[in-house]
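Inspection log for the structure reproduced underneath, given as structure tokens.
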Amino acid sequence: MSALVELVDLSKRYGEAAALQPTNLEIARGKTTVLIGPSGCGKSTLLRLIIGLTTPDGGEILFNGDKIDIDAFRRRTGYVIQEGGLFPHLTARGNVLLMSRHLGKPEQESAARLRDLCQLTRFPDALLGRYPLELSGGQRQRVSLMRALMLSPELLLFDEPLGALDPLVRAGLQRDLKEIFARLHQTVLLVTHDLAEAAYLGDNIVLMNEGRIVQQGSIVDLRENPANEFVSEFINAQRAVLFA
Amino acid sequence: MKAFALLLLLASSAFAQPPVRVGSKKFTESYVLGEIAKRTLIEANIPAEHRQGMGGTIIVWQALRGGQIDAYPEYTGTIAQEILKRSDSLGFEEMANELEKVGIGMTEPLGFNNTYALVMRRDRAQSLGIRTISDLRYHDLKIGLTHEFLDRQDGWQPLARTYRLHPRNVIGIDHALGYAALKSGEIDVKDAYSTDAKISELDLVVLNDDENFFPRYDAVFLFRFEMPAQAIAALHKLEGTIDEQKMIRLNAEAERTKDYARAASLYFGDNARSTTTESLTHKITRWTIRHLQLAGVSLLLAIIVGIPLGIFASRGGAVGQLILGFAGIVQTIPSLALLALLVPLPYFGISARTAITALFLYGLLPIVRNTATGLQDIAQPIRDSATALGLEPGARLRKIYLPIASRSILGGIKTSAVINIGTATLAALIGAGGLGEPILSGLNLNDHATILQGAIPAAILALLVQWSFDLLDRILIPKGLRL
């Protein structure tokens, strides 16, 4: 059983419009799965369904083969979003330690974990006392990542984590993320609209359109054996970026 | 709701009253008679206090009926027309019998008839050749009347009918301000009481009531039969002891010195300054402390109730709309009208409790609205993050949402506090005290110095409150939100 998370006929409608058609997907343990597709294709809806920010209209989510209890599940996952996910009234340290303090974990243990995470994410210790507004966009995303990793989650979820960063910072963070995922053997589900990012980080790329999965596989699979016209169009549209 | 009741209890026990409470209406003569009664009681070794200028007839009468006061000076004409609502002329005995049915006693007349009258400046009346009310028919004059006289059953409407007057210019104006307007010529005719000190002071003429329209207004004391027998006996001793000349002199003294206790002491024949006179600093301190009690207790209640309501309202839906709608509607009721609406209710009446409740209702909207919008303005990514982290709903609110909304919530509390400091001056209208007391009596006496004794401390209080909240902002709003 290699799948950590399994989606069975999961679906969601907003009024008349189907945001997600009944969908099946396995998220492989220790791998990075990337959801990609044009705006409105249902990739973010899929992610929000998994973390319970949206309730599905049909189907179910299995975690380690079992149905999930959402509160317990949330504490075994980490969640990083594009911008604004940090709490502005807490320092970087306060943000990262929020949950461990809430759960009453020993301070010393948490402090040691925080030091490790700073090294892992290349975040300078000296900046831990700063508030989100005093940090750069890249630094904020590193704090977000530390917060997500703090409780050693089994699953890491990313919703366009690098979308708002400038290209240089973005490239640096992509490199660091890849290294971190590899080192931790982390199971990751990442949403992006950038094929280069998907190709660079993803072991399994899931291309979506109009609320359904069109094709999944490695970037080579998608390029060499497109399932239909849409897949080749989507790949070619971003080709210049990919193979420049 | 338990906390609410407890606070009301605390508030009312803070204002616990000694045994005999004498009330008075909002004009000089009533103040003076109230002081005379208070001193008479004290000289008979009965503890007494005087609640000055509680309002118009209906408010003071309701206070007497409701037991918030034990006695107050009233006039027979008012009793027949306004209290018993009788349009036929009622004999003194019948009147006493009617009052007895509702547990209220009446002394014999005190000795003077303070009837309503219409007055003009002597020079103006002479130049127009006006001597009687009938003469008004032939001139189109500007008439300024007190609001009470405009509405009374024995007031302006039937008077105009009796005399067939159809003036085009009739305005409502406060009694004391009306005299100023008469003096400056902005109005030509106004209503007055025949013992008003202003009549001789401003050299006014009383127009002859040639159709005998005005009923007699013999001054009496009304009292509750439940009052101690010695207190009733003491009030009876005042019967027949004040004639019209004496009352005019007492009224003139009160208006000259702005000191009702001193005017009352003339009645007792001593010219020495009354021993009960407080120093100005002491009075201002007392008013200020009461003012802060009224505003403070009501603000505390508004915070305790307003923040949870704001949290509910922030979730939107029908209940949220209902809460915001209710708080908004309360805000649109003029504060004076809100007080008047609460006074007849059983639990309220003329008391600090009523003032605090009105102020509490007023303070609610800014807190509810700011709490609701502060919470609604929190960005979706922050909400998603808090939820996805696995915080329970209560912890999300406590640790994330409320701190982020703290600036907006504190802003609402600050607005409420400043509104309450200002509006609390109206509490004096229903005898709840505070800095409105000197403002009200100053307005009544047309005396700017007395008005300022209340207005200046009230303005300073409002500024201090503003500053202390600015300071509080720095302590209570997390630093990360102030960058």
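The values are calculated or read from the model by the stated rules, or taken from the named source; none is laboratory data. Small disclaimer: the values here were computed from a predicted structure and weren't measured. Don't worry about glycine lacking a Cβ; one is built from the backbone with ideal geometry, like all the others, and counts go over all protein chains shown. Note: areas computed on protein heavy atoms with side chains; ligands, DNA, RNA excluded. Shrake-Rupley method; radii C 1.70, N 1.55, O 1.52, S 1.80 Å.
Would you confirm, using the coordinates I've provided, whether B:Ile419 is over 30 Å from B:Leu64 (Cβ atoms), among the hydrophobic types (A, V, I, L, M, F, W, C) and within 14 Å of chain A (Cβ to nearest Cβ)? Spell out how you get there, then give the answer.
On the way: over 30 Å from B:Leu64 (Cβ atoms): yes; among the hydrophobic types (A, V, I, L, M, F, W, C): yes; within 14 Å of chain A (Cβ to nearest Cβ): no.
Taking the combined requirement at face value, the residue does not satisfy it.
State yes or no: is B:Ile400 without any contact (Cβ under 8 Å) to a residue 60 or more places away in the chain, surrounded by 20 or more Cβ atoms within 10 Å (Cβ to Cβ), β-branched (Val, Ile, Thr) and within 14 Å of chain A (Cβ to nearest Cβ)? Answer is yes for this residue.
Scoring A:Arg113 on the criteria (1) in a loop (DSSP other than H, G, I, E, B); (2) over 15 Å from the mean Cα position of the chain (by Cα) leaves a single failure, condition (1).
How about segment B:340-363: which of its residues are in a helix (DSSP H, G or I) and open to solvent by less than 10 Å² (accessible area, probe 1.4 Å)? Walk me through it before giving the result.
Step one: filter segment B:340-363 for residues in a helix (DSSP H, G or I), giving B:340-342, B:352-363.
Hits for segment B:340-363 are B:Thr354, B:Ala355, B:Ile356, B:Ala358, B:Leu359, B:Gly363.
Quick check, is A:Phe181 closer than 23 Å to A:Ser44 by Cβ and either in a loop (DSSP other than H, G, I, E, B) or without any contact (Cβ under 8 Å) to a residue 12 or more places away in the chain (or both)? So A:Phe181 does not fit the description; no. Within segment A:127-155, the residues that satisfy the criterion of being under 24 Å from A:Gly104 (Cβ atoms) and either among the hydroxyl-bearing types (Ser, Thr, Tyr) or open to solvent by less than 30 Å² (accessible area, probe 1.4 Å) (or both) are A:Leu128, A:Val143, A:Ser144, A:Leu145, A:Met146, A:Arg147, A:Ala148, A:Leu149, A:Met150, A:Ser152, A:Pro153, A:Leu155.
Checking each residue in segment A:96-113 for being more than 9 Å from chain B (Cβ to nearest Cβ) and touching a helix residue (DSSP H, G or I) at 6+ places or on another chain (Cβ under 6 Å) picks out A:Val96, A:Leu97, A:Ser100, A:Ser110. Out of curiosity, is A:Gly37 over 21 Å from B:Pro403 (Cβ atoms), within 14 Å of chain B (Cβ to nearest Cβ), surrounded by 21 or more Cβ atoms within 10 Å (Cβ to Cβ) and in contact (Cβ under 8 Å) with a residue 12 or more places away in the chain? The answer is no for A:Gly37.
Just the residues that are within 12 Å of chain B (Cβ to nearest Cβ) and at positive phi, please, taken from segment A:133-163. Correct list: A:Glu160 only. Listed conditions (1) farther than 30 Å from A:Ile61 by Cα; (2) assigned to a helix (DSSP H, G or I); (3) within 13 Å of chain B (Cβ to nearest Cβ) are all met by A:Arg130, apart from (2).
In segment B:163-191, the residues that are free of Cβ contacts under 8 Å to residues at least 24 places away in the same chain never reach a residue that is basic (Lys, Arg) and open to solvent by 40 Å² or more (accessible area, probe 1.4 Å) with C-beta atoms less than 7 angstrom apart, at least six apart or across chains. For B:Arg407, the criteria (1) within 13 Å of another protein chain (Cβ to nearest Cβ); (2) farther than 25 Å from B:Trp467 by Cβ; (3) modelled with pLDDT of 90 or more hold in every case but one, which is (2). Give the residues of segment B:370-397 that are more than 14 Å from chain A (Cβ to nearest Cβ) and surrounded by 23 or more Cβ atoms within 10 Å (Cβ to Cβ), sorted by residue number. Once the filter is applied, which keeps residues that are more than 14 Å from chain A (Cβ to nearest Cβ) and surrounded by 23 or more Cβ atoms within 10 Å (Cβ to Cβ), segment B:370-397 yields B:Asn370, B:Thr371, B:Ala372.
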